[in-house]
Amino acid sequence: MFKKIGFKLLLGVAVVILAAVAYTVINNENQKISFNDMSSQQIRPAAVSGSFYPSTPAELTTMIEDFLSKVQVDETIANPRIIIVPHAGYQYSGAVAAKAFKQLINKDITRAVIIGPSHHFPLAGLVLAKADIWQTPLGEVKVSLLNKDLARQPNFKIDDKVHEPEHALEMQLPWLQIVLPQAEIIPIIVGQLSLEEQQQFAESLSEILDDQTVLIASVDLSHYHQANQAEQLDRQSLDDILNFDYQSILEDEVDAPWALGAVLQLAKEQNWQPKLLSYQNSGDVTGDDSAVVGYGAVVFNEISSADQYTLEEKREMLQAARAAISNYLTNRNKILPLTGNQKYLEHQGAFVTLIKDGKLRGCIGYIEPVAPLGQAIIDNAIAAAVSDHRFEPVEFAELAAIEIEISILTEPQPDSMEAIATAHKGVVLEQGNQAATYLPQVWESFDSPQEFFGSLCLKAGLAGNCYLDPKTKLFSYQAIVFNESELVD
């Protein structure tokens, strides 16, 4: 209750102050400009270069590339459709933003729709910029021609006065120029929207978000609380995001609630699955926990038709795996398999992986769909804990320190080494009676396909170059991977 009342009061004070300025854009039709009034090559110059991020190209490039070099591509995110990233100064939020932008590298993306709040004007509705080029120290970014199509829709205004001083959208441009240098943009500032207007905005976005377009929501979380309180507020906001709760997010302490509301409606309708990549606050950088700002990175991944599992179902499967291990270590018997959902009765290949202190502690599974999913999870959770010959059996006392990860597999199909390496698929390597498999996420542990396949050959008990032998067969599969750390309770 304190969170909601306190934040509403803060917003109320901000609105009063902002309303005192001479300019306001709330429902002001006199400020509406037609694209017919625009000449070509209108440029929107950088507003916060030299303050929020470095003003020299070399320093800016070095900073961004350094952040990106410290994070990994998540191989389970095959098709990122939406990323939620912060917009604070790079020195504070860059490490978090890098986690999301890293997932866009080498993706076939040619356009980015960037949405975020206004920090300078009280605002209702959706505001486009009339400029067709945006500048940063790294050069020019073209605005997509689709910007003009949106301007013809009734819920959109065009007003450069709102965009001129705003940093929320600009902060995402240098990242794009590094990871997607050819991408065009559609910048949209999002003001207050009704639920109906949120839905209409989501529908407008769905019409332009094709397979080569990513939606970037520029969002900071709570502001200027002591770190412990900020973390509680931010966890609530992140939980609402991960649960597609587009109504509760309006009551959370985020600086772009209506933008997020539309994002969550869109993602829920499209069945794009969220994954929390990173959470920090400014105190983690400065060491000052007295008044921090929260930053989160979330990606929404377009999943294959095989991945129809909701966040609640994934949590249920993880909880069942943990309960199965706990019960077996205590009583030496198995709990009943999951059966309360038709999805748990479908035969699926599945692995259960145990991780302790960032290191593998056990991993066993069924490659082929030989058992119902609910049974496979119980069987392999117990087997990973006590039957992986590479490790001593798990002790009950260490179970609390172990993180559980579940991988649900598609059925393996014959494939080539080149195709498997390009897409970082899961693979089964087979020669005669000897075989071994690596899950897709294992690619993160190797620097080259040769190292990956060589290690897999050794795992199968074959020569390290067995992948070059014509007698070696390769089968690939995809995996739906989720673990306890990524699902915020």
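Across the chain, the relative contact order, built from alpha-carbon pairs under 8 Å that are at least six residues apart, equals 14 percent. Computed over region 187-291, the Cα gyration tensor eigenvalues convert (square root of 5λ each) into semi-axes of 27, 14, 13 Å, ordered from largest to smallest. Helices that extend 24 Å or more along their long axis by alpha-carbon positions and average at least -1.0 on the Kyte-Doolittle scale are, among the DSSP H runs of the chain, 2-19, 311-331. A convex hull fitted around the alpha carbon atoms of the chain yields 167 Å³ per residue. A simple spin-label model places the labels of I335 and K70 3.8 nm from each other, with each point 7 Å out along Cα-to-Cβ. Its Cα gyration tensor gives region 336-401 an equivalent ellipsoid. The semi-axes, each the square root of 5 times an eigenvalue, are 24, 12, 9 Å from largest down.
Computed over region 307-382, relative contact order equals 33 percent, with contacts defined as Cα pairs under 8 Å that lie 6+ residues apart. Rounded to the nearest 20, the Cβ-based charge dipole of the chain about its Cα centre (Lys and Arg +1, Asp and Glu -1) stands at 200 debye. The heavy atoms of H225 present about 30 square angstrom of accessible area, all protein chains included, probe 1.4 Å. Can you pull the Rg over Rh of region 242-288, Cα-only, Kirkwood? For region 242-288, the value is 1.09. Rg and Dmax of region 368-489, based on Cα coordinates, read 15.8, 49 Å. Shown for the chain: cysteine residues without a partner Cβ closer than 4.7 Å, namely C363. Region 187-217 and region 390-456 have their alpha-carbon centroids 38 Å apart.
When Rg and Dmax are taken over the Cα atoms of region 279-351, they come to 19.3, 52 Å. Based on every Cα atom in region 113-164, Rg and the maximum pairwise Cα distance Dmax equal 11.6, 34 Å.
Per residue of the chain, the DSSP helices (runs of n ≥ 4 H) give a summed -39500 (n - 2.57) that works out to -10000 deg cm²/dmol at 222 nm.
If the label point is 7 Å along Cα→Cβ of Q41, which residues in region 107-146 have backbone nitrogen under 20 Å from it? Under 20 Å, as judged by backbone N against the label point of Q41, lie 130-145 of region 107-146. Taking all protein chains together and a 1.4 Å probe, the residues T472, T310 rank T310, T472 from largest to smallest accessible area. In this rough spin-label picture, where each label sits 7 Å from Cα along the Cβ direction, the K473-E418 distance is 2.2 nm.
Annotation: extensible slack from E398 through R152 equals 82.5 nm (criterion: 0.36 nm per residue apart, minus Cα-Cα distance). For the set R332, R152, solvent exposure ranked by accessible area (probe 1.4 Å, protein chains only) runs largest to smallest as R152, R332.
Counting 0.36 nm for each residue step from N228 to E203 and taking away their Cα separation leaves a gain of 5.3 nm. Pairwise Cα separations in region 118-251 fall into 10 Å bins from 0 onward with the following percentages, short to long: 10, 36, 37, 16, 1.
Derived scalar couplings between HN and Hα for region 282-293 equal 4, x, 5, 9, 8, x, 9, 9, 7, 8, 10, 10 Hz in order, rounded to whole Hz, by the Karplus curve 6.51 cos²θ - 1.76 cosθ + 1.60 (θ = phi - 60°), x for Gly and Pro. If r is the Cβ-Cβ distance from S448 to E346 and R0 is 41 Å, what FRET efficiency results, to the nearest 0.05? After rounding to 0.05, the efficiency reads 0.65. The length gained by stretching the chain between Q247 and T110 to full extension, at 0.36 nm per residue less their Cα-Cα distance, is 46.2 nm.
Taking the Cα centre of region 221-272 as origin and charging only Cβ (+1 Lys, Arg; -1 Asp, Glu), how large is the dipole, in debye to the nearest 20? My answer is approximately 120 debye.
The values are calculated or read from the model by the stated rules, or taken from the named source; none is laboratory data. Here the structure is a predicted model, which means the values were calculated and not measured. A quick note on method: Cβ atoms are made from the backbone with ideal geometry, for glycine too, and the neighbour counts reach across all protein chains shown. These area figures cover heavy atoms from the full protein model, side chains too; ligands, DNA and RNA do not enter into them. Shrake-Rupley method; radii C 1.70, N 1.55, O 1.52, S 1.80 Å.
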